[in-house]
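Student: Following this message is one structure expressed as structure tokens.
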Amino acid sequence: MPTVLVVDDEADLRTVTELALRVVGGFRVLLASDGATGVELARSAQPDLILLDVMMPGESGVSVLARLLADPLTSGIPVAFMTARAHGEEMVRLRALGARDVIAKPFDPMELADRVRPLCRSHA
Amino acid sequence: MIFAPRPANDAQRILEVEHLEPATPEDLAAYDTLVKMATELLDVPIAFVSIITRDEQTFPSIKGLDFVAYPRDTGFCAHTILQDRPMIVDDTQRDMRFFDHPAVTGPPNIRFYAGVPLLGPTGQPIGTFCALDSQPHTFEPRKLAILELLAQQVAAVISTRRLLAEAERARFELNDLLENAEDLVLSVAGDGRLLYVNRRWRESLGYTDFTQLASLEFVALEHRGTFATALDRLAAGEPITTLETVFIAKGNRRILVEGSISARRQHGQFVAMRGIFRDVTARRAAEMTRLAFFEHSPDVACILNLEDFSVRTVNAAGRRILAPMLNAQDPFAAVHPDDVATIRTAATGLREGKPLSRLQLRLRDDVEVWRTLLLHAIADMDNACVYVSGLDITDRRKVEEMAETLATFFDNVPALIGIIDLIDGEIHYVSRNAAANAFFQYTGDVGGLRAADVGNQSDDQLAFWVKTYEEAERTEQPVTIEVRTHGRWLRVTVSRVRTAATRRFCYIAEDITERKRADAERMEADRVKTEFIGTVSHEIRTPLTAIHASLRLLTANISEEERRELLGIAQSHTARLSRLVNDVLDFQRLDAGQALLHLKPVTTQGVISRAVDLVMPLANEAGIELLVHSSGKLAFVADEDRLVQVLVNLISNALKYAVGGTRVDVTAESAGNTVRFAVTDNGAGIAESDLARLFQRFVRLGESETRRSGGTGLGLAISKALVEQHGGTMGATSVPGKTTFWFEVPTSQNGAPTGPVGEPPRP
């Protein structure tokens, strides 16, 4: 059962994302409300996927991704951005930074699990 | 011995003696013959011709004695010249005057003397002709007659010599005059052969022997007929006095002469033509040159009669340009109406001797175009004429007009225009317009100055311009650049002036500072708008995501507790979305100036109590003390609902964000013509750099907290806009432990928009 780390500053969005992944998709879900917590959790828990909100106060998602990629302990963990500013150019830009996927908000919680499953690191 | 007395007329006599022509050898031979005849015919051994000067008696011819000279006063002859008839002394020993004379008492022992006074050309006795003997004589009358005849012959020789000498002198004078005359003098026989020519003629024509010339050979072929006719007419007695002809000098050189001629007659018969000519070749050539210049000058030249300004002479240009004036019945008909009065005044002035200078006259030419003449004229009162010269400046005027037009344009366009020369890699100004001078803050003419000397541009700037000019030269294309100089933005185009003899360039520059600023402002506005839309989009999508997800998850296999939580999320975010939409609309309306204030008399107490009622639950929940300080009941005019909205916003912010805060103070007080509200907390404070940003849209400090509290990020921006719409101001100050947000509104709202409120006020 893959583990997904969700990093989002909006508590209610963390809640619905967690439900969508855990209840609908059967994932194990870890939650972080800011970048620093997210990075620490990623290092310690080694999740199979990180869903990272882009617009967060303090450290932005873009900066968090850079740190994850720079750290040998986390650089192998796939990251997908979640953003409410999901227009074409921005999606291309975010992908170019090293994200596996960019998921636009609002998303359909019933389909989120299926969307992220292929992104997960395999433990074969 | 008795001395002869000096005659009364001796002075004149001596004068005549001194003016005697010297005797020539021929004269002396004649005297000798006569002296010899006297000795033989009178039968005496001694005879002589003597001349008596002031003190001496000399002997041009003497026989029987070897005297050369003898003292005058002791001589016998001194007595002879006292009388006008011969003096005869038959025997000297019996004459009281001479018996004891040394020449009587001693050798040559003269006993007989017969002397005849010789009269000079003017009748004065100049000497004697004498016959002497050492024997006494009885001189018979026949011998006296012979002596007198011989004496007359001597006098004749002397007189003839004198006449010949005078004739020679006269001839010499005449010849001298003729030979040295500047004129060419000649005398021509009726057959055309030269009888005489003077030196000047000979030298001018170069013939060594004029007598060898054939008839009229010295006259140019085409003039011989005229010359021969003149000869014939003179011979026929016609009164011809002048002749112009051409002499042919040696080497076929032509000499143009003019002169006077006359006929020489002898006994009524024509003998020769006298001619005195002057060489006018050079003068005529000069005249021809002047005439050619006059005729072919591109300028108008003419000579008019002073009396009626009719034309005496006019050159080709004059005939062409003045044609409409010269040929017209009324000369002024062709003159431009505005110039008629001027030209009439000038004409009057000329008659009074005033010269006319630089008068501009417009004349209609034959194709009805106005030509402009620049006239100069001066009158010659003696010759009663006016010399007029005129320059056709029509084309020049056109060029001048064009130049003036361009100059006006040059100095009045707002663009900076300049012309420069590149000399030895340095910029030298030729000219620049007023706009350029004003821009570079230079007064005066820069023409001819080195840019480096004019100053106000650094060496680097000048080097930059030189490079730009050289680029235009190299590429043979105008070069356009935008540069910042002297605090302004210029769009400059430099071009090479190819027809110039120098490396000449011109530049034209436009001050685009304002346009640049407007562009920047527009771009900033676009950026802000895009940013705003992006932010609003994000702000809307976040609650939408929460609502959408929670509602969708209700159908999932979830617990009852989770179901309630999801419904709570959906409800909360629906409210948040609603507030956001309202705030955005509110703000947009305020930003566009479309929101209207509902003004009415209000009091500070009314505003504060309504606001405090609304936020008190929040204060209680947060455990923060809310204190109100109001100095009485200040009345003013405002939109109460809007002010309550502002105050609620400030108090809630203080309650929610003042980190570590324990109390919030709300004050209202009068400040001159304004009412000042302030909300102060005792939290940690806000950084100086964040204070100003606070009033911008969607700027939040502690973002996640804001959202949890339901803030939209537009509260302060809306509050500030509302205060400003009241004509007031809003601001904030902060130090650790004391942060104050305040606003002031005027107590009266004169001229402020009033009326129905577009949107119902919300707390």
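Student: Tell me, which residue of the range A:1-16 that is without any contact (Cβ under 8 Å) to a residue 60 or more places away in the chain and acidic (Asp, Glu) is farthest from the other protein chains (Cβ to nearest Cβ)?
Tutor: Looking at residues that are without any contact (Cβ under 8 Å) to a residue 60 or more places away in the chain and acidic (Asp, Glu), I get A:10.
Table: residues versus (1) within 9 Å of chain A (Cβ to nearest Cβ); (2) closer than 30 Å to residue B:745 by Cα; (3) touching a residue at least 24 places away in the same chain (Cβ under 8 Å).
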residue: B:547; (1), (2), (3): yes, no, yes
residue: B:569; (1), (2), (3): yes, no, no
residue: B:578; (1), (2), (3): no, yes, no
residue: B:586; (1), (2), (3): no, yes, yes
residue: B:592; (1), (2), (3): no, yes, no
residue: B:601; (1), (2), (3): no, yes, yes
residue: B:613; (1), (2), (3): no, yes, no
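Student: Just the residues that are more than 13 Å from the chain's Cα centre (by Cα), in a helix (DSSP H, G or I) and within 14 Å of another protein chain (Cβ to nearest Cβ), please, taken from the range A:99-120.
Tutor: A:109, A:110, A:111, A:114
Student: Taking residue B:619 as the residue in question, decide whether it is loosely packed, with under 13 Cβ neighbours inside 10 Å, of a type in the set (A, V, I, L, M) and either more than 14 Å from chain A (Cβ to nearest Cβ) or farther than 22 Å from residue B:716 by Cβ (or both).
Tutor: no
Student: Select from the range B:565-611 the residues that are over 25 Å from residue B:727 (Cβ atoms) and not small (Gly, Ala, Ser) and list them in ascending order.
Tutor: Within the range B:565-611, B:565, B:566, B:567, B:569, B:571, B:573, B:574, B:576, B:577, B:579, B:580, B:581 meet the criteria.
Student: Can I ask one more? Could you list all residues from the range B:385-398 that are surrounded by 11 or more Cβ atoms within 10 Å (Cβ to Cβ) and in a helix (DSSP H, G or I)?
Tutor: Across the range B:385-398, the qualifying residues are B:394, B:396, B:397, B:398.
Student: Of the residues B:588, B:594, only one is closer than 23 Å to residue B:541 by Cα and over 60 Å from the mean Cα position of the chain (by Cα); which?
Tutor: None of the others qualify; the one that does is B:588.
Student: Considering only residues that are within 14 Å of another protein chain (Cβ to nearest Cβ) and either out of contact with any Pro (no Cβ under 6 Å at 6 or more places or on another chain) or not aliphatic (A, V, I, L, M) (or both), which ones fall in the range A:17-31?
Tutor: A:17, A:18, A:19, A:21, A:22, A:23, A:24, A:25, A:26, A:27, A:29, A:31 - these are the residues of the range A:17-31 that are within 14 Å of another protein chain (Cβ to nearest Cβ) and either out of contact with any Pro (no Cβ under 6 Å at 6 or more places or on another chain) or not aliphatic (A, V, I, L, M) (or both).
Student: Working carefully through the options A:90, A:59, find the one that is within 11 Å of another protein chain (Cβ to nearest Cβ) and under 27 Å from residue A:12 (Cβ atoms).
Tutor: A:90
Student: Oh, and also: Go through B:149, B:178, B:195, B:174 for me and flag whichever is touching a residue at least 12 places away in the same chain (Cβ under 8 Å), surrounded by fewer than 20 Cβ atoms within 10 Å (Cβ to Cβ), on the phi < 0 side of the Ramachandran plot and not in a strand (DSSP E or B).
Tutor: Of the residues listed, the single one that is touching a residue at least 12 places away in the same chain (Cβ under 8 Å), surrounded by fewer than 20 Cβ atoms within 10 Å (Cβ to Cβ), on the phi < 0 side of the Ramachandran plot and not in a strand (DSSP E or B) is B:178.
Student: Regarding residue B:532, is this residue aromatic (Phe, Trp, Tyr), surrounded by 12 or more Cβ atoms within 10 Å (Cβ to Cβ), touching a residue at least 12 places away in the same chain (Cβ under 8 Å) and within 14 Å of another protein chain (Cβ to nearest Cβ)?
Tutor: yes
Student: While we're here: Checking the condition touching a Phe, Trp or Tyr at 6+ places or on another chain (Cβ under 7 Å) and under 30 Å from residue B:71 (Cβ atoms), which residue from B:194, B:150, B:144 passes?
Tutor: Result: B:150 is the single residue among B:194, B:150, B:144 that is touching a Phe, Trp or Tyr at 6+ places or on another chain (Cβ under 7 Å) and under 30 Å from residue B:71 (Cβ atoms).
Student: Okay, moving on. Determine the pairs where a residue that is within 14 Å of chain B (Cβ to nearest Cβ) and without any contact (Cβ under 8 Å) to a residue 24 or more places away in the chain, located within the range A:32-45, has a partner that is surrounded by 14 or more Cβ atoms within 10 Å (Cβ to Cβ) and of a type outside the set (Val, Ile, Thr) with Cβ atoms under 7 Å apart, the partner being 6 or more residues away or on another chain.
Tutor: Final answer for the pair search is A:36/A:59.
Student: Of all residues in the range B:549-562, how many are assigned to a helix (DSSP H, G or I) and within 10 Å of chain A (Cβ to nearest Cβ)?
Tutor: Number satisfying all stated conditions: 6.
Throughout, read-outs are computed from the coordinates displayed, never taken from laboratory work. For clarity, every value in this text was computed on a predicted model and none was experimentally measured. A quick note on method: Cβ atoms are made from the backbone with ideal geometry, for glycine too, and the neighbour counts reach across all protein chains shown.
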